Each structure stands twice: as C-alpha cells, then as structure tokens.
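Chemist: Pasting in a structure now, in structure tokens, and then I'll have a few things to ask.
Just so it is clear, none of the values below were taken in a lab; they were calculated from the coordinates. Here the structure is a predicted model, which means the values were calculated and not measured. No Cβ is skipped: glycine too gets one built from the backbone with ideal geometry, and neighbour counts run over all protein chains shown.
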Amino acid sequence: MRSGPEAPVEEPRTSSEPGAGAAVEIVGLAHAFGALEVIDGLGLRAGAGEVVGLVGPSGCGKSTLLELVAGLLEPTGGAIRVDGDPSAAGRLARCAYMPQRDLLLPWLTAIDNAGLAPRSRGASRAASRAAAAPLFERFGLAGFEASRPAQLSGGMRQRVAFLRTLLAGKPVLLLDEPFAALDAITRAQMQEWLAVALAAGERTVLLVTHDVEEALYLCDRVVLLTPRPGAPVAELGSPSPRRSPRSAVVADPAFVALRAEALAALERGAR
Amino acid sequence: MRRWLPPVAVIAAAIGLWELAARWDLIAEALQIQPFLVPAPSDVAEALWRDRELLADNAWVTGQEVVLGFALALVAGIAFAVILHLSNLLRRSFYPLLMASQTVPVIAIAPILVVWLGYGLGPKLVIIALVCFFPITVNTLDGLRSVDPELPRMMRTLDAGRGQVLRRVELPSALPFLFSGAKIAAVVSVIGAVFGEWSGANQGLGHLILVAQGQVLTDRVFAAVFVLSTIAIAMFGLLSLLERRLAWWRPGPDPTRQPR
C-alpha cells in the first residue's frame, strides 16, 4: 500500500502537516560494521500513519536500524523502501530523525533551534521563527521561545528537539529513545505529551526504545527484537495506544498482561 | 576588584624588588649592576614620559603593522582551516607544510623578505602574519574537527547541505577555539613586528629599540618594550571581550553525550 500524493523528492516539504505519512517497508535487512553483524534478516512494515514501536535489549541494532531507514547509512543487505523509494537520498528526503540526545545548538534560542530545518533550506530567520511559533503554542512551550537550551529542563529540551524534527516536515518520524535520558516522572509526562502530539496520525512513526511499557503505551504495534544481530521475535498489537490518562492505561489488566507477554518474549529471544 | 588584586600585587612586588636592586648601592655593587645595563623602573618611567612623543609616533606605526598583519593572518588562517577541514586530501597534503611554516626561524628569513618586498609595510605584514597564522589555523581546524559527529548527521536529516552544516554548526562550534588561537597570535604578533622592523625599517618601536641599543639608551629600550607589551595586552584584552560577547557558551563535549 503506497500512500497518496506525497511531495516529490526534489521539493522537500516545508509544511509541518504532511498528511497521512508514508509507508515504510523493510525486507530482509542486514547490516554489519566490518565483521560485526548488527542486524540480520529483519523484515518490517509500517503503514502510512501507523506508529510502530521497536523494542529490544541494548546492542540489538535499534539505533543503527533508524539510521538505515533515515538514509544516513546504506544497508549491507536487504532493502528499505520509504513511500516505495529504496534510495538513500529518497529516504533522507522523507524521514525526520530524532536522535537519543537532544543535540540542541547551545548558541541558538529554543525557537531558532526548532526552526533549524527551514533555516537550513534557505528560509529567513523571521520565516523560520514564524513556522516554529505556532508549534511552541501548541506543544506547551509558549513563553520559552527566546530561552537558550542551557536554561531549559531536560524534558523541555527534548520537546524542542521534537519540534525541530516535526518542522523538518517529513512524512516519517524516526524517534530513537527520545526520553531515555529523563527521570521517571518527567518521562511519564513526556510520554503523555508525545501521545497527544502523535494523536493526529499525520505521520508514520518508528519509535525505538528499550522500555516495553513506553512502546505499548505509545504505539499501535510493537515489534520485539533479539539481541545482536537484531531480528524480530514477536509482534504485539497495543490494546489502547496513546489514550489519556497514562496512569489508567498502564494499570489496565489487559495492558499489564501484554507487558508481561512482551517481557517473556524478549527473554525467550535473548536465550 | 578582588580579581585584579593578585596580578597587581605580583607586578608591584617585582617592580619594587627591581627598583631596590638597581637603586640600593650595596646590592647594585654586589651584583655589579650598571645603570646603563639595568635601568631602574623609575628610570624607565622617566624615559616613558621624556620620550612620550617619540614613543607614541613609533607605537602608531608598529600598532598599524600589528593590527594589519594580525587581520591578514586571521582571514588567511580561517580560510585555510576551512579548506583543510572540507578536504581530507588537502588536509593530509598540507598539514605537514603548515607545521613546517611554524618551524621557520622568522628572524632568519626576515632580511630576505625585505629584499623581496622592499622597505615598506609589506615585509612586516608578511612576517607578523607568518607568526600569527599557525596558532589561528591550527586552533580553528581543531575546533572544526572536534564538532560532535552526530550534529552534522542530524543536520543532514534536516535537509542541510555541506555549506549549511559548515555555517550553522561547524563554524559556530569552532568559534571558541578560534578565539584561543587568536589570543595567542595577538600576543606573539608584536614579536613578529620587532623582527620585521629589525630587518629593515626607519620607524616603529622595533626600529627605535635597535637605535636606542646602539646609543646605549637602555631606559629607552625598556620604555619601548613596555609600550610593545601594552599593545599586545590591549589586543589580548579586546579579543577576550569579543570572545565573551560572541562565544559565551561553554565549549567542549556535551555532558549528556553518552558512548554509543
């Protein structure tokens, strides 16, 4: 299933509303750094607008997988098609990648950090800020536009980094453990925040995490991976993705049972 | 106020001891200090006042040489660092030459430069730029190369081309390093100016020092050296001020950075 009339590669979109996302298709993917096999025989499909979680132990190649999908790396085997395009340049044009660390530039204000994508494409500073401003309003960062990253809390920095990724205006979002560096309480708050941000279903999302609960709460579907070389062991559908309040969702017996099943599957995979 | 106290106290103590050694006959005789060899600080101060017009005129000439030579080195150094940063081949090819340029004893080639470029401003600028070029280039290049490797990759996913990565990420990241190099360069630039003027000049503080040495006007020599140091310190101070305004963020690796 290919998604609708997405923007052509030559014209990177500048809008932050890319519509229904684009399908991501991974077939027989293998990747090795020299002799070190990181991923072996990974297949995965994410439909347009679907939120798919990838959960696995450390070192199962999750970050590498996202870099491959993003077009930053070329796989040593298999194929990745984003919106049907298998080329690295095509993937780079369609995927926005949010790395583990926020990577905010310390010399720019929050709003200039968020508007880095339009700015890099040649938009004026004023136009980049105008593009970012409504998102600050919408995502609870109003009033912090002129703050420097050093003045923001960890959760806020992560939100600014997320807005920067959104403003790249790509149909596919690749999120690499976006909240791994946060404390438990902030993390729960940020998961709820992201749930709202993803609720509109405008984008296809691949979310990598080692937190089963986070994945089951945020994603429509969760794929569990084996340790290196990473390959899928099981796939679970989430019962009630992104519903509020989070505390009620994660305490639901069906959710708890599913989490236990996921952990058991991960353990089987690790053996 | 308190920040200034220790250096002022050290300088005052050094001047006081020097004054005592040069003035007090007992010590002066024991150490065989002759006034024409070691003028007392008060003699130097007197020469500073007495020769103020002479010193000011020559300081103006040397100051111009230093500022222009430094500016030349700054432009060339940044440009060279960027070029070497963008091309692995050029970096591997030219880095040894860059280091070799710093091993050249400037005082040895200065007279040759005068033959090539004449008696005027030219050879002085080249010599000062030669002295300043190395610290600026090497520090800027280090700055460009020490950028968090994840940043350019993130920029690529935001549709930034090579030029945008350089402009938005790498050059700002390198700015604190550039200032470190420029501050070193500013201080050594006056030494370059003296070498340049020694090789052929009819004005400037270096020229004044040479003439005063011939006339055994040691107090004037020291007074000229004092003015030279003041020029260097003023440039250093100006750069520090600029650095605090332009490169105020803390350089170095991000504390949240984790090994992958």
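Chemist: Translational diffusion coefficient of the stretch B:201-242 at 25 °C, 0.890 mPa s, Stokes-Einstein with Kirkwood Rh over Cα pairs, in µm²/s as a whole number. If you can, show how the numbers build up before the last one.
Modeler: Details: Rh = 11.1 Å.
Estimated diffusion coefficient is 221 µm²/s.
Chemist: How far apart, in nm, are the 7 Å Cα→Cβ label points at B:L121 and A:D252?
Modeler: 7.8
Chemist: If R₀ is 22 angstrom, what is the calculated FRET efficiency for the pair B:Q32 and B:V225, using the beta carbon separation as r and rounding to 0.05?
Modeler: Working: r = 22 Å, r/R0 = 1.02.
Once the sixth-power term is evaluated, E becomes 0.45.
Chemist: Report the normalised scattering of the stretch A:178-248 as log10 I(q)/I(0) at q = 0.11, 0.17, 0.27 Å⁻¹, calculated by the Debye formula with identical scatterers on the alpha carbons.
Modeler: -0.28, -0.65, -1.35
Chemist: A follow-up question, please. Quick check: net charge around B:A9, other residues with Cβ under 15 Å of its Cβ, Lys/Arg +1 and Asp/Glu -1? Provide the component values of the computation, followed by the final result.
Modeler: Values: positive: B:R2, B:R3; negative: none.
Combined, the nearby Lys, Arg, Asp and Glu give +2.
Chemist: What lysines sit close enough to B:K124 to cross-link, taking a C-alpha to C-alpha distance under 22 Å and skipping anything fewer than 8 places away on the same chain?
Modeler: Qualifying lysines at Cα under 22 Å: B:K183.
Chemist: Any chance you could run the full-extension gain for B:D148 through B:S93? It's 0.36 nm times the residue separation minus the Cα-Cα distance, nm to one decimal.
Modeler: On the way: separation 55, 0.36 × 55 = 19.80 nm, distance 2.45 nm.
Result: 17.3 nm gained on full extension.
Chemist: Among A:E177, A:E137, A:E192, determine the one that fluctuates most according to a GNM of chain A built with springs between C-alpha atoms less than 10 Å apart.
Modeler: A:E137
Chemist: While we're on this one: Equivalent-ellipsoid semi-axes (√(5λ), Cα gyration tensor) for the stretch A:57-110, whole Å, largest first? All intermediate terms of the calculation are to be shown ahead of the outcome.
Modeler: Working: eigenvalues 118, 53, 12 Å².
Taking √(5λ) for each Cα gyration eigenvalue gives 24, 16, 8 Å.
Chemist: Kindly give Rg over Rh for the stretch A:111-243, based on alpha-carbon atoms, with the Kirkwood expression for the hydrodynamic radius.
Modeler: Rg divided by Rh gives 1.00.
Chemist: Any idea what log10 I(q)/I(0) is at q = 0.06, 0.07, 0.09 Å⁻¹ for the protein assembly as shown, Debye with uniform C-alpha scatterers and no solvent?
Modeler: Rounded to two decimals, the profile gives -0.46, -0.57, -0.77.
Chemist: What number, rounded to the nearest 500 deg cm²/dmol, is the helix-based mean residue ellipticity at 222 nm of the protein assembly as shown, given -39500 (n - 2.57) per DSSP H run of at least four residues and division by all its residues? Can you show the working numbers first?
Modeler: Values: 22 runs with 301 residues, N = 531.
That comes out to -18000 deg cm²/dmol.
Chemist: Once Rh is set to the Kirkwood radius over Cα pairs, what Stokes-Einstein translational diffusion coefficient, in µm²/s, holds for chain A at a temperature of 25 °C and a viscosity of 0.890 mPa s? The partial results should precede the final answer.
Modeler: Numbers: Rh = 18.9 Å.
It diffuses with D of about 130 µm²/s by this estimate.
Chemist: Take the alpha carbon atoms of the stretch A:179-211, find their center, do the same for the stretch A:108-145, and report the distance between the two centers in whole angstrom.
Modeler: 21
Chemist: When averaged across all projection directions, what area in nm² does the alpha-carbon convex hull of chain B cover? Please report the intermediate quantities before stating the final value.
Modeler: Working: hull surface 76.4 nm².
Averaged projected hull area, Cα only: 19.1 nm².
Chemist: Moving on to the next point. Normalised by the residues of chain B, what does the relative contact order come to in percent, with Cα pairs under 8 Å and at least six apart?
Modeler: Details: 280 pairs, mean separation 64.0, N = 260.
Averaging sequence separation for qualifying contacts and normalising by length gives 25 percent for chain B.
Chemist: Rounded to the nearest 0.05, what FRET efficiency do A:E37 and B:I11 give with R0 = 60 Å and r taken as the Cβ-Cβ distance? Could you check? Could you put the intermediate results ahead of the total?
Modeler: On the way: r = 65 Å, r/R0 = 1.09.
Working from the Cβ atoms, E equals 0.40.
Chemist: Expressed in whole Å with the largest first, what are the equivalent ellipsoid semi-axes of the stretch B:133-207 derived from the C-alpha gyration tensor as the square root of 5 times each eigenvalue?
Modeler: Numbers: eigenvalues 307, 22, 11 Å².
Value: 39, 10, 8 Å, ordered largest first.
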